[in-house]
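The values are calculated or read from the model by the stated rules, or taken from the named source; none is laboratory data. Quick caveat, the model's predicted, so the values are computed rather than measured. Note that we place each Cβ from the backbone using ideal geometry, even for glycine, and neighbour counts take in every protein chain shown. Accessible surface areas use protein heavy atoms only, side chains included; no ligands, DNA or RNA. Shrake-Rupley method; radii C 1.70, N 1.55, O 1.52, S 1.80 Å.
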Amino acid sequence: MTDNQMDQNSVSGSKMRGRSRFRPLNFKLSGGIKILVIAAILVFVVYNLFFVYVHPDEYGIKVNRIGITRGVQKEVYHAGLTLVMPFGMQQIYRLPKSIQVLELTNFPQTAAGTARKDRAAHIQTSDGFFVDVDVSILYHIKDPYLVFTTIGPGTLFEDNGIIPKAEPALKETLGKLTTEEFYNSPRRVKKAEEARDQLNKDLNLKGIEVDQVLVRYFKYSPEIQKNIEEKKLQDQMVFTNQSAARAAKEEAELKKIVQEGMVIAAVEMEKGKAYVTRKIAEKDLYVRKIKAEADLLVQLAEAERVRLKNEALKGIGSERMVGLKMADAYKGLDLIILPSDGAHGVNPLDLDNTLRLFDVRKGGAK
């Protein structure tokens, strides 16, 4: 095969591949699928023409454009599908059911992302100064029919309802505070509650109820802020000095009480010592008295013993007992030299003389 033939074959092959690559595709739908597609389209059209979906956090208010019951209907529609006549004959307006937030602030970046924002409330205090107050107002739609008929649909409950009433109510209540009283949290909260009550007094008639009015931040002009801070520092110094004076007074009173207590304690201690000394003296006196009485009894008993012994010695046989005692005394003597002549001579063989010498009576006579 020559080179020309090969080139012709390659060119013809590439043409054939090109024609096969760009060949149009013909899709043919079956009859069942066509019916399903047409039915889906019809359902979509009917759904969008005849039904309106009310979300769970919404109220639905129906308005009739034609017919005997033309106008706003009192029935309130809740979550679900609601049937409406197409082409503007009937229309469903939706209002929020959840808690709404109105942020009055000059710093939008600090507010909640989904909240409605407006400028901060510019309030004049009772002593003539101006302050910008950031306030968060929490509220909800209590009666959607009343809101719709007195204020209007959409977000008019914000534009023509809560916003025009918010700042005047805050000026009326918070404006009763002085410059310094804005720093008093309990008084500020009390005035915020009064503002809530004032708003409810006006807005309840239109179907809106305010839940909370929260003062988040307030700012005076730089000059006023500086004066307030300087005055606060002066007040704090006064309070500090007063506290120091009270503390010194209390400390002096404490020292006085401590000294009085120490004196009373010393007096009581001396009284206690005197009482102990007196009781010891009484004890010693009692001991000496009892001891003296005991000694007296012992001495009396001893004297009685001696007396009884003497009386016993004077009884029958006492002379013989004396003689026996004397005989016992003689037992220890080996030798006794006595005069044997004269008036006092002793003759041991003369028994009568010996008895007379020792005063021993015969026959036991006394």
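Applying 1/(1 + (r/R0)^6) with r as the Cβ-Cβ distance of residue 124 and residue 68 and R0 = 56 angstrom yields a FRET efficiency of 0.55. Close amide H pairs (under 5 Å, H built 1.01 Å from N) link residue 97 with 58, 59, residues at least 5 positions away or on another chain.
Along the stretch 50-56 the Karplus relation, 6.51 cos²θ - 1.76 cosθ + 1.60 evaluated at θ = phi - 60°, assigns HN-Hα couplings of 10, 10, 10, 8, 9, 6, x Hz to successive residues, with x for each Gly and Pro. Computed over neighbours whose Cβ is under 14 Å from that of residue 229, the net charge equals 0, Lys and Arg +1, Asp and Glu -1.
Largest accessible area first, the listed residues 55, 140, 78 line up as 78, 55, 140 when surface is computed with a 1.4 Å probe on the assembled protein chains. Backbone amide hydrogens, once placed in the peptide plane, bring residue 178 within less than 5 Å of 126, excluding anything fewer than 5 places away on its chain. Working note: Karplus 6.51/-1.76/1.60 with θ = phi - 60° gives the stretch 98-113 the couplings 7, 5, 9, 10, 10, 9, 9, 7, 9, 10, x, 5, 8, 8, 5, x Hz, where Gly and Pro are set to x. The label-point distance for residue 305 and residue 78, in a model that sets each label 7 Å from Cα toward Cβ, rounds to 12.0 nm. With 0.36 nm allotted per residue and the present C-alpha distance subtracted, the residue 239-residue 35 stretch has 64.5 nm of extension available. Backbone phi angles across the stretch 57-62, fed through the Karplus curve with coefficients 6.51, -1.76 and 1.60 (θ = phi - 60°), yield HN-Hα couplings of 9, 9, 9, x, 10, 9 Hz in residue order; Gly and Pro are listed as x.
So what's the net charge close to residue 62: Lys and Arg +1, Asp and Glu -1, counting the other residues with Cβ under 11 Å from its Cβ? For residues surrounding residue 62, the net value is +2. Taking amide H as placed 1.01 Å from N in the peptide plane, the amide H of residue 117 sits under 5 Å from that of 103, each at least 5 places away or on another chain.
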